[in-house]
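The values are calculated or read from the model by the stated rules, or taken from the named source; none is laboratory data. If you're wondering where the values come from, they're calculated on a predicted model, not measured in any experiment. All Cβ positions, even for glycine, are placed from backbone atoms using ideal geometry, and neighbour counts span all protein chains on display. The protein model used for the area step is the full one, side chains on, heavy atoms only, and it has no ligands, DNA or RNA in it. Shrake-Rupley method; radii C 1.70, N 1.55, O 1.52, S 1.80 Å.
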Amino acid sequence: MTAVTDSPARDVDPVQVHVPLGERAYDILVGRGLLAGAGQRIAALGARAAAVVTDDTVAALYAGPLDAALRGAGLRVSLVSVAPGEGSKSFGDLERVCDGILAARIERGDLVVALGGGVVGDLAGFAAAIVRRGLRFVQIPTTLLAQVDSSVGGKTGINSRHGKNLVGAFHQPSLVLADTAVLDTLPAREFRAGFAEVVKYGLIADAPFFDWCLEHWPEIQAGGPARDHAVAQSCRAKAKVVVADEREDGERALLNLGHTFGHAIERQVAYDSRRLVHGEGVAIGMALAFRFSAQLGLCSPEVAASVGTRLEALGMPTELACVPGGAGTPDELLAAMYQDKKVAGGELTFILARGIGQSFVAKGVPADNVRTFLEAESRGRSIRGG
Ligand SMILES: NC(=O)c1ccc[n+]([C@@H]2O[C@H](COP(=O)([O-])OP(=O)(O)OC[C@H]3O[C@@H](n4cnc5c(N)ncnc54)[C@H](O)[C@@H]3O)[C@@H](O)[C@H]2O)c1
Ligand SMILES: [Zn+2]
């Protein structure tokens with residue numbers, strides 16, 4: 001990521017996004033340098049102690065500054081760190097984190113603070129949901145994906161041998177502090193993958209925002225004000241859907257645009273992040289969702305092609321053939337889709353689109369249509385010589 005020369009330590013008027021969920025309402029604050037002022041903001045929630053949960057990579061970069069900020073505000077602080085990566089969303093790590101929180105004598109009035117990417121947020125949030133039958137927690141997301149997606153909405157959990165995110169709870173944070181300066185140290189690949197979730201909000205329901213994302217990508221990478229806007233606008237979009245459908249009974253499924261295909265591809269590569277990270281699967285999945293919509297006569301082939309071209313312009317993969325080692329056969333991908341928890345009663349649910357910003361939930365999509373489409377996509381790959 002491009003180095004930014006000015007000091008990120010100032011906490012200048014963050015953008016505030018309110019998530020109005022009644023007694024579970026909370027604020028998301030977005031801005032450069034929020035970490036330095038985190039102590040005051042967290043102490044203002046009335047806690048006397050904070051258990052910071054993080055991973056070893058993030059700890060080396062940001063646990064020190066956060067610790068100083070919290071202590072500076074008079075809080076008693078303890079730290080629990082797990083190994084970086086998806087493997088830490090496990091029962092073993094959950095036990096360690098819960099014990100760490102209890103050993104730190106975190107009481108009902110105190111706070112768990114999740115400092116890290118989506119892995120830490122999901123794990124720490126779930127621990128907060130179950131220790132002492134529910135502790136308050138604060139999210140300090142440090143990846144772009146976590147700032148625009150996983151830290152907002154209250155889904156927490158870990159993985160089981162039966163699949164990803166199958167054990168968890170809805171538990172809303174009390175506050176989200178998205179310090180956009182910490183993204184300066186995020187590897188470029190992770191940043192771009194997180195950006196797939198940003199443009200997703202445009203593709204779902206906001207065509208002008210999709211255009212804006214394309215135009216401002218260099219500035220967003222460089223860390224200018226456009227980055228803050230991209231994060232805040234994404235949080236607004238996610239918060240709107242979450243408020244309308246907190247427990248994912250309906251409209252919240254729109255957030256899964258690109259994810260039915262994406263999750264199937266992730267399964268095919270056995271969640272090996274060297275081959276594919278989540279946002280890359282989502283980028284391919286979104287391109288596929290538009291081409292599938294075109295094949296079903298829902299949107300024009302020109303629109304579907306333009307979505308693919310524009311995602312490519314952002315450096316994102318858009319085809320099954322982009323997956324190193326291959327994404328599997330159409331039948332393997334279909335089988336993977338049937339194992340996804342979003343399959344209801346043997347029928348497949350897809351998020352399809354009538355155009356950019358015009359996505360909708362399509363239930364009961366026949367498997368035959370999906371297979372025909374995936375076969376065409378796989379043939380396209382060999383025609384193009386990939
Ligand atoms: N709860 C939800 O609603 C929701 C939504 C989407 C995704 N998720 C979950 O999020 C997880 C993925 O999250 P992720 O993509 O943030 O992955 P991650 O948490 O594994 O972070 C990616 C990598 O970046 C490193 N890292 C984090 N912040 C950094 C920084 N500022 N500088 C340098 N390195 C940094 C981490 O150590 C890790 O190695 C998945 O488990 C997924 O299931 C949850
Ligand atoms: Zn996602």
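Which percent of the accessible heavy-atom area of segment 104-178 goes to carbon and sulfur, probe 1.4 angstrom?
47
Let me spell out the model: positive unit charges on the Cβ of Lys and Arg, negative unit charges on the Cβ of Asp and Glu, origin at the Cα centre of the chain. What dipole size does that give, in debye rounded to 20?
Using Cβ point charges on Lys, Arg, Asp and Glu, the chain gives about 600 debye.
For segment 285-338, what percent of Cα pairs sit more than 16 Å apart?
49
If you take the charge dipole of the chain about its Cα centre, with +1 on Lys and Arg Cβ and -1 on Asp and Glu Cβ, which of ILE158, SER300, THR180 is farthest toward its positive end?
It is ILE158, whose Cα lies furthest towards the positive end.
Ranked from highest to lowest mean number of other Cβ atoms within 10 Å per residue, what is the order of the peptides 52-64, 14-26?
Top of the packing list down: 52-64, 14-26.
Show me, for segment 29-45, the HN-Hα J-couplings you get by feeding each phi into the Karplus relation (A = 6.51, B = -1.76, C = 1.60, θ = phi - 60°), rounded to Hz, glycine and proline as x.
Here the 3J(HN,Hα) series is 10, 10, x, 6, x, 5, 4, 4, x, 4, x, 4, 5, 6, 4, 5, 7 Hz.
Please list, in chain and number order, the residues 5+ apart from TYR26 or on another chain whose amide H is under 5 Å from its amide H, with Hs placed from the backbone.
For TYR26, the qualifying residues are VAL19, LEU21.
Rounded if a/c is under 1.5, else prolate if a/b is larger than b/c, else oblate: which is segment 201-286, with a ≥ b ≥ c the root eigenvalues of its Cα gyration tensor?
Because a/c hits 1.5 or more and a/b fails to exceed b/c, segment 201-286 counts as oblate.
When ligands, DNA and RNA are left out and all protein chains stay put, how many square angstrom of accessible area per residue does the chain have with a 1.4 Å probe?
Ligands and nucleic acids excluded, the result is 40 Å² per residue.
Considering only PRO14, PHE290, ALA38, whose Cα is most displaced toward the positive end of the charge dipole of the chain, charges sitting on Cβ of Lys, Arg (+1) and Asp, Glu (-1)?
Result: ALA38, furthest along the dipole toward the positive end.
Restricting to the chain, compute how many DSSP beta bridges are antiparallel as a %, nearest 5.
Once the DSSP bridges in the chain are tallied, antiparallel ones form about 40 percent.
Below 20 Å Cα-Cα, how many Lys pairs turn up in the chain? Only count pairs eight or more apart in sequence, or on different chains, if you could.
Lysine pairs meeting both conditions in the chain amount to 19.
Enumerate the helices in the chain for which the Kyte-Doolittle hydropathy averages 1.0 or more and the C-alpha atoms extend at least 15 Å along the helix's axis, using complete DSSP H runs.
Working: long enough: 91-103 (18 Å, 0.58); 118-130 (18 Å, 1.69); 188-205 (27 Å, 0.42); 207-222 (23 Å, -0.14); 225-244 (29 Å, 0.04); 278-295 (25 Å, 0.58); 301-313 (18 Å, 0.20); 367-383 (24 Å, -0.66).
Qualifying helices, which must be both long enough and hydrophobic enough, are 118-130.
Estimate the FRET efficiency between HIS162 and GLU302 by the formula 1/(1 + (r/R0)^6), using the beta-carbon distance for r and 45 Å for R0, to the nearest 0.05.
Rounded to the nearest 0.05, the efficiency is 0.60.
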